[in-house]
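Asks: Mind having a look at this structure? Questions to follow.
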Amino acid sequence: MTSRVACFARSATLLPALLAGAVPALVHAHVGSGLGLGFAHPWSGLDHVLAMLAVGLWAGQLGGRARLWLPLSFLALVGCGGALAVGGVALAGVELGSVLSVLALGLLIAGAARFPLLASALLVGGFAVFHGHAHGTEMSAGASGPGQLLGFLAATALLHALGLAASSGVLRAGAAPLVRTSGAAIALGGLWLLWSAAV
């Protein structure tokens, strides 16, 4: 048991280390290039933060190739969603889709849901389109360019990595129910976001 706790403690140190690695990128980013704006965007909305963390958590919970393919699917299709918005292609229900993705991912984690890898990756990718479109719409309204897209993708990847590291660390420590509890908390966050959008 002591070794499991020690393993979890070592895994927990990944969180500040990853954040520390992200700070220089944000501090030294040139706002004019859009890199700093893009990196800051996912952190500005609770729906984005929770959904991107949840992708990492679920990937870690599923294990195996899902640890790579779920984040990659999200990253690829979040870019597609952004490109649609920048290209002027409208997408109905973007905000609702983003919020529902938080609720759905939280419930999947809480229920320790397991689907075939392709189905899981496509589901995550479908959610990513909404988040990407929301970001692309904001890019169209202000500063845009490759720098902002790269910053957004970097922040997204960091959030995935944080969720994946947390999930993997908890599982190695033999505390799998904690991952499911985290999913339930994310689902509650999704319900709160739905309620906030309705009032």
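The values are calculated or read from the model by the stated rules, or taken from the named source; none is laboratory data. Owing to the predicted nature of the structure, the values given are computational and were not obtained by experimental measurement. Glycine gets a Cβ as well: all are built from the backbone with ideal geometry, and neighbour counts include every protein chain shown.
Asks: Which one of PHE127, PHE152 is touching a Gly at 6+ places or on another chain (Cβ under 9 Å), within 19 Å of VAL78 (Cα to Cα), aromatic (Phe, Trp, Tyr) and modelled with pLDDT of 90 or more?
Replies: Among PHE127, PHE152, only PHE127 is touching a Gly at 6+ places or on another chain (Cβ under 9 Å), within 19 Å of VAL78 (Cα to Cα), aromatic (Phe, Trp, Tyr) and modelled with pLDDT of 90 or more.
Asks: Considering GLY189, GLY111, GLY151, GLY169, which residue is at negative phi and touching a His at 6+ places or on another chain (Cβ under 8 Å)?
Replies: One residue alone meets the criteria, GLY151.
Asks: Given the criterion over 13 Å from the mean Cα position of the chain (by Cα), basic (Lys, Arg) and at pLDDT 95 or above, identify the matching residue among ARG180, ARG172.
Replies: Answer to the check: ARG180.
Asks: In the range 24-92, which helices (runs of 4 or more DSSP H) lie fully inside it and hold 2 or more residues that are over 15 Å from ALA157 (Cα atoms) and at pLDDT 95 or above?
Replies: In the range 24-92, the matching helices (runs of 4 or more DSSP H) lie at 46-62.
Asks: Could you list, in sequence order, all residues of the range 69-105 that are β-branched (Val, Ile, Thr) and either without any contact (Cβ under 8 Å) to a residue 60 or more places away in the chain or farther than 18 Å from MET139 by Cα (or both)?
Replies: VAL86, VAL89, VAL94, VAL99, VAL102
Asks: Out of everything in the range 139-149 that is buried (at least 20 other Cβ atoms within 10 Å of the Cβ) and closer than 17 Å to CYS80 by Cβ, what residue ends up being modelled with the lowest pLDDT?
Replies: MET139
Asks: Would you confirm, using the coordinates I've provided, whether HIS160 is modelled with pLDDT under 95, in a helix (DSSP H, G or I) and buried (at least 20 other Cβ atoms within 10 Å of the Cβ)?
Replies: No, not satisfied.
Asks: Moving on. Restricting to the range 106-132, count the residues that are buried (at least 18 other Cβ atoms within 10 Å of the Cβ), in contact (Cβ under 8 Å) with a residue 60 or more places away in the chain and more than 13 Å from the chain's Cα centre (by Cα).
Replies: Within the range 106-132, residues that are buried (at least 18 other Cβ atoms within 10 Å of the Cβ), in contact (Cβ under 8 Å) with a residue 60 or more places away in the chain and more than 13 Å from the chain's Cα centre (by Cα) number 4.
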